[in-house]
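Here's the structure, in structure tokens; my notes come after.
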Amino acid sequence: MTFRKTYILKLYVAGNTPNSMRALKTLRDILESEFRGVYALKVIDVLKNPQLAEEDKILATPTLAKILPPPVRRIIGDLSDREKVLIGLDLLYEELNDEDFKLDIDELEAGGEATLPETS
């Protein structure tokens, strides 16, 4: 059984602007396909709740903040670059560590070279 982290995310938007709506749609697509229900998302409209943006030092929208697991990360923009979003959320990095960067210890111990598997 693999343990999966629970992600706590906040998406700061400024009303229903095209960038805000694109960020929300893209994020929901990523969350449904990559996180499989192990997340909590709070969408904060800074036009309706400017004090929350000020408290969290949000200077631009849309901004995605990953609160948990640590460290806190912020991604600014419409989130259209899926790979950058996954890296920013530490999800792609973990997948690469878990799957793509397993070294062949026996090969290393035998004095050979370990190679990384090819990615598609």
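The values are calculated or read from the model by the stated rules, or taken from the named source; none is laboratory data. A quick note: this is a predicted structure, and the numbers were derived from the prediction, not measured. Counting neighbours? That spans all protein chains shown, and the Cβs are built from the backbone with ideal geometry, glycine included.
Among residues belonging to region 73-91 that are part of a helix (DSSP H, G or I) and among the aliphatic types (A, V, I, L, M), point out the one that is surrounded by the fewest Cβ atoms within 10 Å (Cβ to Cβ). Let's see the steps before the verdict.
Our first condition is that a residue be part of a helix (DSSP H, G or I); within region 73-91, this holds for 82-88, 91.
After this cut, where a residue has to be among the aliphatic types (A, V, I, L, M) as well, the list is 85-87, 91.
Working: 85: 21, 86: 17, 87: 15, 91: 17.
It comes out as 87.
Just checking, does region 53-60 include any residue being in a strand (DSSP E or B) and either in contact with an Asp or Glu (Cβ under 7 Å, 6 or more places away or on another chain) or modelled with pLDDT of 90 or more (or both)?
So far as region 53-60 goes, no, none of its residues is in a strand (DSSP E or B) and either in contact with an Asp or Glu (Cβ under 7 Å, 6 or more places away or on another chain) or modelled with pLDDT of 90 or more (or both).
I'm told residue 82 meets every condition in (1) of a type in the set (D, E, K, R); (2) over 17 Å from residue 6 (Cα atoms); (3) at pLDDT 90 or above except one. Can you identify the failing condition by its number?
Result: residue 82 passes all but (3).
Could we say that residue 107 is among the acidic types (Asp, Glu), out of contact with any Gly (no Cβ under 9 Å at 6 or more places or on another chain), modelled with pLDDT under 85 and exposed (fewer than 13 other Cβ atoms within 10 Å of the Cβ) here? Before you say what the answer is, go through the steps one by one.
On the way: among the acidic types (Asp, Glu): yes; out of contact with any Gly (no Cβ under 9 Å at 6 or more places or on another chain): yes; modelled with pLDDT under 85: yes; exposed (fewer than 13 other Cβ atoms within 10 Å of the Cβ): yes.
The answer is yes for residue 107.
Matching residues to (1) hydroxyl-bearing (Ser, Thr, Tyr); (2) closer than 23 Å to residue 86 by Cβ; (3) free of Cβ contacts under 8 Å to residues at least 12 places away in the same chain:
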{"site": "11", "(1), (2), (3)": "no, yes, no"}
{"site": "14", "(1), (2), (3)": "no, no, no"}
{"site": "21", "(1), (2), (3)": "no, yes, yes"}
{"site": "33", "(1), (2), (3)": "yes, yes, yes"}
{"site": "39", "(1), (2), (3)": "yes, yes, no"}
{"site": "42", "(1), (2), (3)": "no, yes, no"}
{"site": "54", "(1), (2), (3)": "no, no, yes"}
{"site": "58", "(1), (2), (3)": "no, yes, no"}
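If a residue must be among the basic types (Lys, Arg) and exposed (fewer than 11 other Cβ atoms within 10 Å of the Cβ), how many such residues does region 25-72 contain? Explain how you work it out, then say what you get.
Going through region 25-72, the residues among the basic types (Lys, Arg) turn out to be 25, 28, 36, 42, 48, 57, 66.
So of that shortlist, the ones also exposed (fewer than 11 other Cβ atoms within 10 Å of the Cβ) come out as 36, 48, 57.
Summing the residues that are among the basic types (Lys, Arg) and exposed (fewer than 11 other Cβ atoms within 10 Å of the Cβ) in region 25-72 gives 3.
Listed here are the residues, each with its yes/no results for (1) over 15 Å from residue 91 (Cα atoms); (2) in a loop (DSSP other than H, G, I, E, B); (3) at pLDDT 95 or above.
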site	(1), (2), (3)
5	no, yes, no
22	yes, no, no
31	no, no, no
48	yes, yes, yes
66	no, no, no
